[in-house]
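Step one of this worksheet: look at the structure below.
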Amino acid sequence: GRKWTEVKELNEELKDQVVLIRGRCQAIRAVGKKMAFVVVRERGFTVQCVLTVTPDVVSVPMVKFATSLSRESIVDIEGVISVPATTIKGATQQVEVQVRKLYCINKAIPTLPINIEDAARSEKEIEKALQAGEQLVRVNQDTRLNFRVLDIRTPANQGIFRIQCQIENIFRQFLLSEDFVGIHTPKLIAGSSEGGSAVFRLDYKGQPACLAQSPQLHKQMAICGDFGRVFEIGPVFRAEDSFTHRHLCEFTGLDVEMEIKEHYSEVMDIVDRLFVTMFDSLNDTCRKELEAIDTQYPFKPLKYLRNTLRLTFEEGVQMLKEAGVEIDPLGDLNTESERKLGQLVLEKYDTEFYILHRYPLAVRPFYTMPCYDNPLYSNSFDVFIRGEEIISGAQRVHVPEYLMERAQACGIDVKTISTYIDSFRYGAPPHGGFGVGLERVVMLFCALNNIRKSSLFPRDPQRIVP
Ligand code: 4AD
C-alpha cells in the first residue's frame, strides 16, 4: 500500500514533501478558471488544498472537475505541502496542500440538509452572521437529529463522543484497579427492576417480560454470588413519559455494586475518587476535544474539589430554607430545587460537583436500606453536577424477609422478582452501589443544555429514528 497521512498530522515539518490524504470536501471555491481551493476535512481536522493550473500537472478541466465536486464528497488528494506566509482562516492545519492529483472516491448528493461549516458555529456566531447579512441556513435541533450522520461531523460533536469514550475508559480502568470485576447482566427480565411505570413491556415467548430499567437486581445478585465488587457498562431502558432536556428512553448506565464492611460512606468514597480521577484525566488528556466543544457550545470548566463535598439531605433542606425555598423535609427535591441548591452550594463551597446523602426513605426505591438511627431516612445518596443529578446510589436491604416487606410496601408484585429475593436467602453480605447516567455526565461536564447532544442516536419519547 501507499503511505497515507492524516489531516491532523499535516504540519510545517512536512514542507515540500508529497503527501496522500483522504477526506471530505468541506468547502470548494473557484478563483477564475485556473485556480480552486478545496478545504478537506478528516475527523474534525481541516486543511486547505490548492489547485493551480500548471503544465503537465494540473489542467483547466481538472480545476473545473474540482469546483464541480459536491460538499462532503470523499476525495483522495496527492500534493506537496507548502507553508503560506499568512494564517489560514477556515482550516485547523496551518499548511496548504498544492494538489497534483485528485480523485473523487464517492460523491455526496449535491444539496445537503446541513452545511457542516455553518452547523459547527456557536449560536452566538450564527446570530452575528445572520445580522451581518451572511447567507446562512440555521438548522434547528430536530433537523440536526434527523440528519445526525451529518450533524456528528462537526468538530464539537466529534469531541463530545471522544470524551464519552474516555469517561467509559476511565470508569473501567479505575474500577479494575480497585479490584472490581466487569459483568454483563440480562436486559430481558421478568419483572421491572426499578418499579414505577417507566418500563417497556414485551412478550417473551408468550410470557410477560420487561426491558431492564437498570442492572439493579442482577448486579446485587452478582454480589450474592460472591464477586465482592462488580461494575457494568450497558444499555438502560426507560419508558419515560417526560419529554425533557435530560431524559432519554435508552441511555448508557455505568453501574457499580460492592460489599460494604461498615458504612455506606465506603460507596461514596469510590464515587469521590472515581470522579475526581475522571475529571482530572479529561481536563488533562482531552484538551483538543474540550476546545472543539467550547467553539460550538461555549462553556466554563467544571469546578470540583479534591475531596468531594458531602452534604446530608437535611443540610440541603436547611440551606434551601435559609434562601427562602421551602420544601417538604421528607419529600424529594424537584428539578428546580436541585438547581437552586446547586447554586447555593457553588456560592458557599465553590464547587459544582457534590454528593447529597441520607435521603428520606419514602422517595427511594424499595431495595434501599433505611438509616439505622432513623428509619424515616435512608442510607442513600444522589450526586450532582452543576445542580443536576448524574448518579443515584445507596446501601441495599440484604435481609430477605425485610426486602420482601419493603417490596410489598412499595407496591411491587413480588412474584415477578422472587428469584431476586431468594438470592438473599443463601447468605448475602451487606452491600451498596450506584448508577451513573453516561449521557448526563457528558452533558453536564460540558454544560450542554440537552442530553440529545451527548447521545449519538438519541431515543426519546418522540424519537426512534435514525
Ligand atoms: O436514579 P436512577 O433511576 O437509579 C437507578 O437506576 C439505580 N438502580 C441506581 C443504583 O445503583 N441505586 O438512575 C441512575 C442514573 C441517574 O442518576 C441519571 O444519571 C441516569 O441514571 N438516568 C437517566 N439518564 C437519561 N435518561 C433517563 N431517562 C434517565 N433516568 C436516569
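Any read-out appearing in this document is the output of simple, stated calculations on the displayed coordinates, not a laboratory observation. Since the structure is predicted, the reported quantities are computational estimates derived from the model, not experimental observations. Because the Cβ atoms are built from the backbone with ideal geometry, glycine has one as well, and the counts that use them run over all protein chains shown.
Pair-distance distribution P(r) for the stretch 217-275, from all Cα-Cα distances in 5 Å bins starting at 0: 4, 15, 19, 19, 17, 13, 9, 3, 0 percent.
Over the residues of the stretch 142-189, compute the C-alpha Rg and express it relative to 2.2 N^0.38 Å.
For the stretch 142-189, the normalised Cα radius of gyration comes out at 1.68.
Annotation for residue 306 and residue 169: the two label points, set 7 Å from Cα along the Cα-Cβ direction, are 2.7 nm apart.
Remark: the residue 57-residue 12 segment gains 13.9 nm on full extension, using 0.36 nm per residue and subtracting the alpha carbon distance. Each helix, a run of at least 4 DSSP H residues, gives -39500 (n - 2.57); summed and divided by the residues of the chain, these come to -9000 deg cm²/dmol at 222 nm.
Residue separation times 0.36 nm, minus the C-alpha to C-alpha distance between residue 65 and residue 136: what's the value?
Values: separation 71, 0.36 × 71 = 25.56 nm, distance 2.54 nm.
Residue separation times 0.36 nm, minus the Cα-Cα distance, leaves 23.0 nm.
Along its three principal directions, the equivalent ellipsoid of the stretch 83-136 from the Cα gyration tensor extends over semi-axes of 26, 20, 9 Å, largest first. With the convex hull drawn over the C-alpha atoms of the stretch 122-210, the volume per residue is 201 Å³. Take the Cα of residue 178, step 7 Å toward its Cβ, do the same at residue 82, and the gap between the two points is 5.7 nm.
Set the Förster radius R0 to 35 Å, insert the Cβ-Cβ distance between residue 299 and residue 204 as r into 1/(1 + (r/R0)^6), and round the FRET efficiency to 0.05. It would help to have the intermediate numbers written out before the result.
Working: r = 44 Å, r/R0 = 1.24.
Plugging the Cβ-Cβ distance into 1/(1 + (r/R0)^6) gives 0.20.
For the stretch 326-370, the alpha carbon positions stretch 34, 20, 14 Å along the principal axes, listed from largest to smallest.
If you wrap a convex hull around the alpha carbons of the stretch 422-466, what volume per residue comes out, as a whole number of Å³? Walk me through the numbers before you get to the answer.
On the way: hull volume 6.1 nm³, N = 45.
Considering the Cα atoms of the stretch 422-466, their hull volume per residue is 136 Å³.
Put in line by how crowded their Cβ is, counting other Cβ atoms within 10 Å and starting with the fewest, 348, 453 read 348, 453. Within the chain, the whole DSSP H helices whose Cα atoms reach 18 Å or more along their own axis and whose mean Kyte-Doolittle score is at least 0.0 are 155-177, 265-285. Neighbour counts of C-beta atoms inside 10 Å place 291, 168 in the sequence 291, 168, starting with the fewest. Here the ratio of the Cα radius of gyration of the chain to 2.2 N^0.38 Å is 1.19. The Cα atoms of the stretch 368-417 cover 40, 28, 16 Å along the three principal axes, with the biggest extent listed first. A compact globular protein would have a Cα radius of gyration near 2.2 N^0.38 Å; the ratio found for the stretch 310-466 is 1.19.
When the listed pairs 415/453; 3/107; 107/300; 89/453 are checked against a 30 Å cut-off, the alpha-carbon distance exceeds it for 415/453; 107/300. Residues within the reach of a label modelled at residue 20 (point 7 angstrom out along Cα to beta-carbon, backbone nitrogen below 14 Å), restricted to the stretch 54-94, are 76-80. Between the C-alpha center of the stretch 284-347 and that of the stretch 422-466 there is a gap of 18 Å.
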